[in-house]
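Note sheet for the following structure.
Values quoted throughout were computed directly from the atomic coordinates according to the rules given, and no laboratory measurement underlies them. As the structure is a computational prediction, the values presented were derived from the model and not from experiment. Cβ: placed from backbone, ideal geometry, glycine included. Neighbour counts: every protein chain shown.
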Amino acid sequence: MKAICVHQHGGPEVLSYEDVPEPEAQAGQAVVRIEAIGVNFVDVYHRTGLYRVEPPLVPGSEAAGIVTAVAEGVKEVKVGDRVAYAMSRGSYAEFQAVDVWKLVRLPSGMDARAGAAIMLQGLTAHYLCYSTFPLKSSHKALVHAAAGGVGLLLIQIAKKRGATVYGTVSTEAKAALAREAGADEVILYTEQDFEAEVMRFTDGAGVDVVFDSVGATTFQGSVNCLRPRGYMVSYGQSSGPVEAFSVGTLGPKALFLTRPTMLSYCANREELFARTNDLFRWYKAGDLKLRIEKTYPLAEAAEAHKALEGRKTTGKVLLLPQRTPKAQTEPTPAAPTEPTPPTPTEPTPAAPTEPTPPTPTESTPAAPTEPTPAAPTEPAPPAPTEPTPPIQAEPAQDD
């Protein structure tokens with residue numbers, strides 16, 4: 001099968017499209033034939049080595065597809081199930097063996113692309129709003145990267161919770177997307193000081209929580225615009241990791257700082273299902289909109305990473321495995337070749353063979369049968385009239 005491999009940490013150029021062995025399901029696993037793959041910043045962190053995963057490795061942790069095999073004893077899913085998953089590194093491939101507790105069946109009406117687009121980023125937005133900082137109608141929240149994959153979902157879920165949402169973006173086009181998702185105010189951080197704008201929106205009080213996926217370039221400003229006892233939720237670092245700082249800087253306003261991860265908030269199958277049930281229900285009802293901005297062939301994973309790191313994307317970016325050419329090549333020559341010779345061969349000998357036997361069969365028995373009874377019938381009456389002895393010789397032919 002084909003997969004993207006990383007043999008050394010580095011830029012997008014280290015993403016290599018290669019042939020690798022197809023996986024087999026080990027205990028507690030199922031093999032998924034992947035139809036769509038989610039691209040996320042965590043994949044960049046693994047590629048660059050920011051999150052220390054030693055190469056060689058296959059990046060990616062989110063996908064959707066069809067179960068093709070299960071290990072002995074697996075009951076949670078079966079062959080043919082349409083599933084999606086996150087938290088399983090190695091998804092930049094045509095097949096992946098996945099721990100079954102991480103697999104979630106897709107509901108009817110939800111295709112693989114939607115499944116791959118909603119899992120990691122949707123789950124992140126859900127746990128941030130429901131568990132990390134349970135939003136209420138009285139809360140004011142600041143969302144950085146508001147037009148990104150998580151940002152657009154985070155705004156929608158925060159508004160479902162009744163919160164007031166301020167978002168930061170880099171362009172007017174992204175600002176329009178954030179407003180469409182429900183943001184109450186949008187700040188162009190390339191033109192405005194987001195800290196000053198937030199304080200203006202809140203009459204100097206500050207926000208209750210900041211959801212920050214940007215990291216280095218936004219951290220201090222985010223801390224500054226929090227209200228006393230506010231929550232700084234640092235869940236990503238697209239601009240680089242936050243530099244070391246003194247915990248004492250949180251003291252003047254008694255602030256809370258947390259660095260959540262998905263494995264901490266989707267720690268088991270029950271918690272995972274509780275969150276995906278909400279996400280799937282909202283999606284099917286039209287209450288949660290997914291934005292899939294662009295798809296790339298799996299072989300072009302490097303281009304997808306360049307777009308993501310260059311902040312040229314909005315919403316979700318997907319990779320799609322390409323299997324079509326191989327499937328079409330094999331059956332094409334076989335179909336026309338076989339039926340061609342049999343058609344003219346069979347009818348040729350059949351025409352002369354059938355009429356030959358019927359001709360002698362009908363005439364042969366007909367000739368002796370009719371004259372035999374006629375011979376004794378006619379001479380019988382003249383026999384007593386002419387006593388000539390030679391006439392008795394005819395009955396001998398009947399013996």
With respect to residue 149, is the statement that it is closer than 21 Å to residue 219 by Cα, touching a helix residue (DSSP H, G or I) at 6+ places or on another chain (Cβ under 7 Å) and of a type in the set (Gly, Ala, Ser) true?
-> yes
Cβ-Cβ below 9 Å, separation at least six or inter-chain, first residue in region 278-304 and among the polar types (S, T, N, Q), second outside any helix (DSSP H, G or I): which pairs?
-> 295/36; 295/317; 295/318; 295/319; 295/320
When both residues are 6+ apart or on different chains and their Cβ atoms are under 8 Å apart, which pairs have a first residue that lies in region 188-217 and is in contact (Cβ under 8 Å) with a residue 12 or more places away in the chain, and a second that is charged (D, E, K, R) and assigned to a loop (DSSP other than H, G, I, E, B)?
-> 216/243
Positions within region 254-272 being surrounded by 15 or more Cβ atoms within 10 Å (Cβ to Cβ) and out of contact with any helix residue (DSSP H, G or I) (no Cβ under 8 Å at 6 or more places or on another chain), in sequence order = none
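Would you check if there is a residue in region 224-240 being in contact with a Pro (Cβ under 6 Å, 6 or more places away or on another chain) and outside any strand (DSSP E or B)?
Of all residues in region 224-240, those in contact with a Pro (Cβ under 6 Å, 6 or more places away or on another chain) come to 235.
Now narrow it down to the ones that are outside any strand (DSSP E or B): 235.
Scanning region 224-240, I find at least one residue that is in contact with a Pro (Cβ under 6 Å, 6 or more places away or on another chain) and outside any strand (DSSP E or B), so the answer is yes.
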